[in-house]
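This report refers to the structure that appears directly beneath it.
The values are calculated or read from the model by the stated rules, or taken from the named source; none is laboratory data. Because the structure is a prediction, the values reported are computed rather than measured. Note: ideal-geometry Cβ built from the backbone for every residue, glycine included; neighbour counts use all protein chains shown.
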Amino acid sequence: MKAILILVWACWSLQGLAADANSNSGHPHYRFETVVEDIGVPWGMVWLDNGDMLVSSRNGKMHRIDSEGKKTLIKGVPKVHVNGQGGLLDLERHPQYDLNGWLYLSYSSRDGEGKGSHTAIMRARLDGDRLTDQQVIYKAGPNTTSGRHYGSRIEFDREGYLYFSIGDRGDRDNLPQDLSRDGGKIYRLTDLGRVPSDNPFVGQDGANPAIYSLGHRNPQGMAMHPLSGDIWIHEHGPRGGDEVNLIKAGANYGWPILSYGINYSGSEFAEAETREGYESPVHYWDPSIAPSGMTFVTSPRYPEWRGDLLVGSLKFRYLVFCEVAGDSIMSTRIMFEDIGRVRTLREGPDGYLYVATEDNGIIRIVPKD
């Protein structure tokens with residue numbers, strides 16, 4: 001099966017790879033244009049059935065943006081603890097949104113035990129310009145006063161299961177390898193917030209059954225592979241060692257036992273880079289690019305990128321094109337330098353790629369005239 005996927009994927013992408021082989025920065029056939037400015041630190045983007053865009057911002061605000069770029073503030077957004085990397089984070093539609101209207105959002109919440117906050121997952125419906133029917137379906141705990149590494153990305157798979165990430169909250173020595181504690185994990189629930197019976201740690205003594213994989217640092221990108229249906233993530237490393245990982249049930253991705261990075265001070269901490277029994281990354285960056293946001297390109301508007309992966313960089317303010325074959329990244333190259341501090345990117349229902357940046361607003365990639 002894997003060989004078939006690789007062959008199909010290679011055929012799908014071949015034309016684009018040949019056309020773009022000598023391009024490093026930008027692209028000879030595409031440019032970007034601003035859709036909306038002054039949107040804070042945008043984290044999540046989804047589209048409503050009428051074509052309007054919903055955007056969540058880390059400052060705790062959510063906006064509806066129409067085709068003319070007009071912004072409308074959404075009321076009823078849950079109260080978030082805006083601190084450090086915390087705030088209103090990702091946003092996702094239910095796969096059957098047109099039937100049930102459910103939206104899913106992640107945010108830093110003060111609810112629960114302890115001082116500070118922790119990552120929460122809520123579902124709600126949009127009635128006009130107000131969120132209603134709010135239901136918290138997961139709340140990590142206990143709270144911590146650390147402002148670091150909330151995660152938190154949301155993605156559905158083909159079967160309708162909900163995946164989300166929670167970072168190690170800056171407590172790498174205690175949380176990522178402990179199945180009884182939140183943090184440094186990928187989680188999997190039903191759309192109602194229930195634990196699937198086939199989750200890998202169901203029935204294991206002391207383990208949180210919502211956990212799907214462990215040993216993660218701070219995943220801030222998540223996307224479903226459009227052919228295989230696998231969930232891919234990327235996560236921030238320390239100084240060096242940013243990773244792209246393919247998520248497998250029950251797998252341990254090694255943080256902080258294994259890493260290609262070092263401490264910010266320059267000292268080493270990891271025991272090794274790889275080890276039998278742990279999952280190795282599909283790809284890693286050293287030096288770090290500070291990845292944020294990722295999407296597989298499926299739109300026929302970009303035939304030369306179709307079937308491959310785009311990753312945003314906060315640190316270097318560009319996009320990274322990743323040539324994908326099956327479950328491997330064959331090569332990478334830089335595109336669209338100085339596009340801004342990329343926070344997330346997605347394909348819209350119109351087939352265009354939208355890039356949300358911290359400093360240049362939301363940008364759409366379009367063909368050159």
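Applying the selection to segment 183-200, what residues are surrounded by 21 or more Cβ atoms within 10 Å (Cβ to Cβ) and over 19 Å from the mean Cα position of the chain (by Cα)?
Asn199 - this is the single residue of segment 183-200 that is surrounded by 21 or more Cβ atoms within 10 Å (Cβ to Cβ) and over 19 Å from the mean Cα position of the chain (by Cα).
Taking segment 281-318, which residues are of a type in the set (A, V, I, L, M, F, W, C) and part of a loop (DSSP other than H, G, I, E, B)?
The initial filter retains those residues of segment 281-318 that are of a type in the set (A, V, I, L, M, F, W, C), namely 282, 285, 289-290, 294, 296-297, 305, 309-311, 314, 316.
Those that are of a type in the set (A, V, I, L, M, F, W, C) and part of a loop (DSSP other than H, G, I, E, B): Val282, Ile289, Ala290, Val297, Trp305, Leu314, Phe316.
Which residue, of Arg110, Arg64, is of a type outside the set (A, V, I, L, M), under 23 Å from Leu162 (Cα atoms) and modelled with pLDDT of 95 or more?
Working: Arg64 fails: under 23 Å from Leu162 (Cα atoms).
That would be Arg110, the only listed residue that is of a type outside the set (A, V, I, L, M), under 23 Å from Leu162 (Cα atoms) and modelled with pLDDT of 95 or more.
Among the residues in segment 48-71, are any in a loop (DSSP other than H, G, I, E, B), touching a Lys or Arg at 6+ places or on another chain (Cβ under 6 Å), aliphatic (A, V, I, L, M) and more than 24 Å from Thr190 (Cβ to Cβ)?
Of all residues in segment 48-71, those in a loop (DSSP other than H, G, I, E, B) come to 48-52, 58-61, 66-70.
Add one more test, that the residue is touching a Lys or Arg at 6+ places or on another chain (Cβ under 6 Å), and what stays is 52.
Add one more test, that the residue is aliphatic (A, V, I, L, M), and what stays is none.
For segment 48-71, residues in a loop (DSSP other than H, G, I, E, B), touching a Lys or Arg at 6+ places or on another chain (Cβ under 6 Å), aliphatic (A, V, I, L, M) and more than 24 Å from Thr190 (Cβ to Cβ): absent.
So which residues in segment 226-276 are free of Cβ contacts under 8 Å to residues at least 12 places away in the same chain and touching a strand residue (DSSP E or B) at 6+ places or on another chain (Cβ under 7 Å)?
Of everything in segment 226-276, just one residue is free of Cβ contacts under 8 Å to residues at least 12 places away in the same chain and touching a strand residue (DSSP E or B) at 6+ places or on another chain (Cβ under 7 Å), namely Glu268.
Which count do you get for residues in segment 95-130 that are surrounded by fewer than 19 Cβ atoms within 10 Å (Cβ to Cβ) and not polar (S, T, N, Q)? So that I can check it myself, show each step before the final result.
Filtering segment 95-130 down to residues surrounded by fewer than 19 Cβ atoms within 10 Å (Cβ to Cβ) leaves 95-101, 110-116, 125, 127-130.
Of the ones still in play, those that are also not polar (S, T, N, Q) are 95, 97-99, 101, 110-116, 125, 127-130.
Looking only at that region, the number is 17.
Within segment 155-171, is even one residue more than 18 Å from the chain's Cα centre (by Cα), over 18 Å from Tyr104 (Cα atoms) and assigned to a loop (DSSP other than H, G, I, E, B)? Give the steps one after another, and end with the answer.
Looking only at segment 155-171, we keep the residues that are more than 18 Å from the chain's Cα centre (by Cα), and these are 159, 170-171.
Subsequent filtering for residues that are over 18 Å from Tyr104 (Cα atoms) retains 170-171.
Filter once more, so that each one left must be assigned to a loop (DSSP other than H, G, I, E, B): 170-171.
Scanning segment 155-171 turns up at least one residue that is more than 18 Å from the chain's Cα centre (by Cα), over 18 Å from Tyr104 (Cα atoms) and assigned to a loop (DSSP other than H, G, I, E, B).
Look at Tyr138 and say whether it is of a type in the set (Ser, Thr, Tyr), surrounded by fewer than 21 Cβ atoms within 10 Å (Cβ to Cβ) and within 20 Å of the chain's Cα centre (by Cα). Don't jump to the end; show me each part of the working.
Details: of a type in the set (Ser, Thr, Tyr): yes; surrounded by fewer than 21 Cβ atoms within 10 Å (Cβ to Cβ): yes; within 20 Å of the chain's Cα centre (by Cα): yes.
So Tyr138 fits the description; yes.
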